[in-house]
Amino acid sequence: MSERSIRGKVAVAGVGETTYYKRGQSPDAEFLLGLKAIVAACDDAGISPKEIDGFCSFADDRNDPSRLSAALGIKEMNLSSMQWGGGGGGAAGVLQNGAAAIAAGYADVVVCYRALAQGQFGRYGQGPQVPYIQGERAFTSPYGLMSPAQMFAMKVVRFMHEHGIKQEALRALSMASYHHAQNNPRAVMNGKPLTEEKYDNSRWIVEPFHLFDCCMENDGAAAILLVSAERAKDIKQKPAYILGAAHGSGYRAAAPVHNSGDYPSSNFSTVAPHLYRQAQITPEDIDVAQIYENFTGGVLMTMIEHGLCKPEEANDFFQLDNLIAQGGKLPLNTSGGNLAECYMHGLGLQIEAIRQLRGQSTNQVKDAKIALAAAGPMVSPVSTIIYGTEDTL
Amino acid sequence: MTNALPGTSPEKLVFPDQSPDTTYQDFLRNNQFCIQHCNECQNFLFYPRLCCPHCSSVDLEWREASGKGTVYAVSIVRQRPEKGGDHNVVLVDLDEGPRLMSRVDGIPNEDVKIGMKVKASISVNTDEDGDTRMVVFREA
């Protein structure tokens, strides 16, 4: 692949979030949630919503740019882009696409957004309620594999088997998210701390996932505003620059039926090298990581496939003390993440990465300059991004 | 009716009269667990296909599987009793090569382990729509 890179060309100008709700409890319609998050991101940046000229989303978001443009009074829309993939695999890819458009000169102020009101539109975590099955599901549903948790469980079982990784590693990942949520007033699980005993005694969903290994289901919206590096000099906030971004998956990664050659994988093994090449950093340079927890096992594989930990060191590395903002070796999911802050298909994790570089996290990592934010492990395509402060350019 | 795919050599790439999924099910109804064999590269295939994923050949032949395999991965789906209760699900590597999803019957879920040798049988499920058949395994 080429030596071209997005490094330093595009910056995050603003971030915005609505209140985060439990599934079905938003008082607002999904479209209104989306508008509120976008306006909040504009306020944060000090840029009028009318100046937005590009829209990027992911996860088959229902709130299309034409309708948003009309509602926001956008002067002209110059970009509308959707990252493929039904789950949160696109939560970093959406920013990659927006950044690419700015670097190419297609648009000047791009908003990347996700809005979700499951009370209005139905649940994600359930298996589909359909009268017949076809395609790959014809070979999985008869054996009782219906929900995302069930679909991904065996990848994690196999990965843990091959590397001798214990259940306690998953527990530490869950506890890190819950630990950070207790300092984050936005977090849905704020005020609901998790102990080892509570984790161990929680019900199994599908082995190796306890209840607390699985993301929540939430209503809300989040938005991130991107501008060129030149424009970023004039914004209200300290800019976070995109150092690198990558999305994709390896050879036959999604081969049906559970037939990918590299089955026990988060699908980052081919993607992460492109990320580091673009960012011109190594895994050791990362100060803080926000790794999408659809399920804790995915975080485990994502971190290993990003070179943050060797598989044979996993049982030692994945300990709560190593993963917390207060002195941990590699602080992880410092907002509470998808498990304990909000499951906005991972866009909340992207915002937390940016917040860390601004020095605005409720679990601030001292002098954080480089943040990794990876999205949607085990799906295809997955996506991943590295942000840096001005010092890193 | 036999249709050739446009733009390809018609004598080479030919659709069978019925889908390979249907053929697979027909074998199961006849109490046979059959998988496809590629006569070009000699690999066995599963799930049922129109062409070989290894070499793209369409020269595929149905052969009865040995039914012998090894558990590659296992999980236990946990469910309330009224929803059917807990059950295991496995990926089995057949001795012929392909990997397929199934379950292991006849032993407690907790006793199904990666590396376990298993043997296939055909499970018959009867309801108001008639019989449906699927491949399940037992410890070998």
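The values are calculated or read from the model by the stated rules, or taken from the named source; none is laboratory data. Computed from a predicted structure; not experimentally measured. Neighbour counts run over all protein chains shown; Cβ positions are idealised from the backbone, glycine included.
Below, the figures for the structure above:
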| quantity | calculated |
| --- | --- |
| Residue match in the stretch B:60-71 (condition: outside any strand (DSSP E or B), surrounded by 13 or more Cβ atoms within 10 Å (Cβ to Cβ), more than 14 Å from chain A (Cβ to nearest Cβ) and touching a strand residue (DSSP E or B) at 6+ places or on another chain (Cβ under 7 Å)) | yes |
| Which numbered condition A:ILE242 fails, given (1) under 17 Å from B:ARG99 (Cα atoms); (2) more than 13 Å from every other protein chain (Cβ to nearest Cβ); (3) among the β-branched types (Val, Ile, Thr) | (1) |
| Condition met for B:ASP129 (exposed (fewer than 15 other Cβ atoms within 10 Å of the Cβ), within 11 Å of another protein chain (Cβ to nearest Cβ) and either charged (D, E, K, R) or under 12 Å from the mean Cα position of the chain (by Cα) (or both)) | yes |
| The one condition in (1) out of contact with any helix residue (DSSP H, G or I) (no Cβ under 7 Å at 6 or more places or on another chain); (2) basic (Lys, Arg); (3) within 18 Å of A:LEU330 (Cβ to Cβ) that A:LYS369 fails to fulfil | (1) |
| Pairs with Cβ under 6 Å, 6+ apart, first in the stretch B:51-76 and over 15 Å from B:ASP95 (Cα atoms), second of a type in the set (Asp, Glu) | B:CYS55/B:GLU40; B:SER57/B:GLU40; B:ASP59/B:GLU40; B:SER75/A:GLU207; B:ILE76/A:GLU207; B:ILE76/B:ASP86 |
| Test: B:PRO108 is away from chain A (no Cβ under 12 Å) and either touching a residue at least 40 places away in the same chain (Cβ under 8 Å) or closer than 22 Å to A:MET154 by Cα (or both) | yes |
| Test result for A:CYS42, surrounded by 15 or more Cβ atoms within 10 Å (Cβ to Cβ) and over 16 Å from A:ASN97 (Cβ atoms) | yes |
| Residue within the stretch A:278-296 that is surrounded by 24 or more Cβ atoms within 10 Å (Cβ to Cβ), within 14 Å of chain B (Cβ to nearest Cβ) and either farther than 19 Å from A:ALA240 by Cα or free of Cβ contacts under 8 Å to residues at least 12 places away in the same chain (or both) present | yes |
| Any chance A:PRO208 is within 22 Å of the chain's Cα centre (by Cα), within 19 Å of A:LEU332 (Cα to Cα) and modelled with pLDDT of 95 or more | no |
| Test for B:SER57: is it of a type outside the set (A, V, I, L, M, F, W, C) and either within 13 Å of another protein chain (Cβ to nearest Cβ) or within 15 Å of the chain's Cα centre (by Cα) (or both) | no |
| Check on B:SER75, surrounded by 15 or more Cβ atoms within 10 Å (Cβ to Cβ) and either facing chain A (nearest Cβ under 10 Å) or assigned to a loop (DSSP other than H, G, I, E, B) (or both) | yes |
| Test: residue in the stretch A:170-178 that is touching a Lys or Arg at 6+ places or on another chain (Cβ under 7 Å) and buried (at least 16 other Cβ atoms within 10 Å of the Cβ) | no |
| Subset of the stretch A:216-229 [surrounded by fewer than 24 Cβ atoms within 10 Å (Cβ to Cβ) and not polar (S, T, N, Q)] | A:MET216, A:GLU217, A:ALA229 |
| Residue list for the stretch A:114-135, restricted to those being within 26 Å of the chain's Cα centre (by Cα) and either at pLDDT below 85 or not aliphatic (A, V, I, L, M) (or both) | A:ARG114, A:GLN118, A:GLY119, A:GLN120, A:PHE121, A:GLY122, A:ARG123, A:TYR124, A:GLY125, A:GLN126, A:GLY127, A:PRO128 |
| Tabulated pairs, the stretch A:206-223, first within 12 Å of another protein chain (Cβ to nearest Cβ), second assigned to a strand (DSSP E or B) and of a type in the set (Gly, Ala, Ser), C-beta under 6 angstrom, 6+ apart or interchain | A:VAL206/B:SER75; A:GLU207/B:SER75 |
| Selected residue (only one of A:GLU390, A:GLU293, A:GLU352, A:GLU284 is under 20 Å from A:MET160 (Cα atoms) and modelled with pLDDT of 95 or more) | A:GLU293 |
| Verdict on A:ALA232 being buried (at least 24 other Cβ atoms within 10 Å of the Cβ) and at pLDDT 95 or above | no |
| Hey, B:GLY97 within 10 Å of another protein chain (Cβ to nearest Cβ), more than 23 Å from A:MET146 (Cα to Cα) and either out of contact with any Pro (no Cβ under 9 Å at 6 or more places or on another chain) or of a type in the set (Phe, Trp, Tyr) (or both) or not | no |
| Residues (of a type outside the set (D, E, K, R) and more than 18 Å from A:HIS247 (Cβ to Cβ)) located in the stretch A:66-79 | A:SER66, A:LEU68, A:SER69, A:ALA70, A:ALA71, A:LEU72, A:GLY73, A:ILE74, A:MET77, A:ASN78 |
| Residue among A:SER228, A:SER174 that is touching a residue at least 60 places away in the same chain (Cβ under 8 Å), touching a His at 6+ places or on another chain (Cβ under 8 Å) and more than 14 Å from every other protein chain (Cβ to nearest Cβ) | A:SER174 |
